[in-house]
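Structure first, commentary second.
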Amino acid sequence: MPDATTTERALVMGILNVTPDSFSDGGRWFGTGQAVARGLELIAEGADVVDVGGESTRPGATAVPVEEELRRVLPVIEALSPRVRVSVDTTKEVVAEAAVAAGASLINDVSASLWPVAARCGVGWIAMHRLGLPPTMQDDPRYDDVVADVRDLLAERARRALDAGVGEVWIDPGIGFGKTVDHNLELLARIDALVATGHPVVVGTSRKGFLGALAAGPDGTPAPVDERLPGSLATATWALHQGAGMVRVHDVAATVQAALLVGRPAGGASDAGPTLDTEDGS
Ligand code: HH2
């Protein structure tokens, strides 16, 4: 399976929400068959990791019982994990453990608290920052210094995970999780500060609300989710340019193209990739 050190470009994690209520694609891949088919599409588009989640974390989302979350994600993980690296997007210990038994090798943890499970199961762990919980996290979030606060919390969690024996620890600023538009932009402008901790960094901006707000129409209506690809791609590219090792996205093919460009050495084509001369001379 590829990792950040062996591929020529940063990694692209494709989002697979097996939920009826996710903010951008809720209900589209809710059945197991639909979800597996979508996962195969993400693989065909070039996803290095497919992130399977059975509980929406969008602002205002309600919690899903364990049994229901297991029912949603396990068959999808079993079907996809022989073909691609699978992460499980969960905050529940029981779900994380069962997902690993079903084939997941990375725990994507928006609560930044499941490192003991990752240590016990011998898998990788993503620690994401959030302030508050989904039902209320967008109600007036405040920080002393958002970049320093997020970086310090993540560095502390990463250190604990490494001390506990987790071999692969990623950190993620948690764009949109208890953050205003300005907080998100400040964090995006300082991804380099997270990279400087020495831990590999994941960033997820794909189709998120702040992109809709920034691209609002003249009457202030946010751009709809299916019109947020330009902002999604721009912010993913921006994060990669500052050294992020992985981006979590809905639009995998477009992001893989961006990742290839950002990874290309300045001043010419790399030996490893296709040349920049094309048949149509462009
Ligand atoms: N964002 C979401 C969910 N999981 N995990 C990481 N590591 N980083 C993120 O930024 C992140 C995440 C929210 O996006 P999405 O999965 O598309 O929506 P929903 O939570 O509504 O299912």
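The values are calculated or read from the model by the stated rules, or taken from the named source; none is laboratory data. Bear in mind the structure is a predicted one, so any value in this text is a computation, not a measurement. Positions of Cβ are generated from backbone atoms using ideal geometry, with glycine treated the same way; all protein chains shown enter the neighbour counts.
The table below lists the values:
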| quantity | calculated |
| --- | --- |
| In the range 135-188, residue surrounded by the fewest Cβ atoms within 10 Å (Cβ to Cβ) [restricted to those that are among the hydrophobic types (A, V, I, L, M, F, W, C) and in contact with an Asp or Glu (Cβ under 7 Å, 6 or more places away or on another chain)] | V147 |
| Answer from R157, R142, R120 - the residue that is within 16 Å of the ligand (Cβ to nearest atom) and charged (D, E, K, R) | R157 |
| Filter result (within 14 Å of the ligand (Cβ to nearest atom), among the aliphatic types (A, V, I, L, M) and free of Cβ contacts under 8 Å to residues at least 60 places away in the same chain) within the range 176-208 | L187, L188, I191, L194, V201, V203 |
| Only one of T205, T237, T221, T197 that is of a type in the set (V, I, T) and in a helix (DSSP H, G or I) | T237 |
| Top-ranked residue of the range 89-126 - restricted to ones that are in contact with a Pro (Cβ under 9 Å, 6 or more places away or on another chain) and outside any loop (DSSP other than H, G, I, E, B), ranked as surrounded by the most Cβ atoms within 10 Å (Cβ to Cβ) | A102 |
| From L80, L114, L74, L106, residue being closer than 15 Å to G53 by Cβ, over 19 Å from the mean Cα position of the chain (by Cα) and at pLDDT 95 or above | L74 |
| Test set (1) outside any loop (DSSP other than H, G, I, E, B); (2) modelled with pLDDT under 95; (3) not aromatic (F, W, Y) - V64 fails condition number | (1) |
| Evaluation of I191 against (1) touching a Lys or Arg at 6+ places or on another chain (Cβ under 9 Å); (2) surrounded by 17 or more Cβ atoms within 10 Å (Cβ to Cβ) (one fails), failing number | (1) |
| Members of the range 26-49 that are within 15 Å of the ligand (Cβ to nearest atom) and modelled with pLDDT of 75 or more | R28, F30, A35, R38, G39, L42, A47, D48, V49 |
| Pair list, Cβ < 6 Å and 6+ apart or interchain, from the range 100-125 residues that are within 22 Å of D152 (Cβ to Cβ) to residues that are at pLDDT below 95 | V110/T57 |
| Residues satisfying the stated conditions in the range 54-80, i.e. surrounded by fewer than 21 Cβ atoms within 10 Å (Cβ to Cβ) and more than 14 Å from the ligand (Cβ to nearest atom) | P65, V66, E67, E68, L70, R71, P75, E78, A79 |
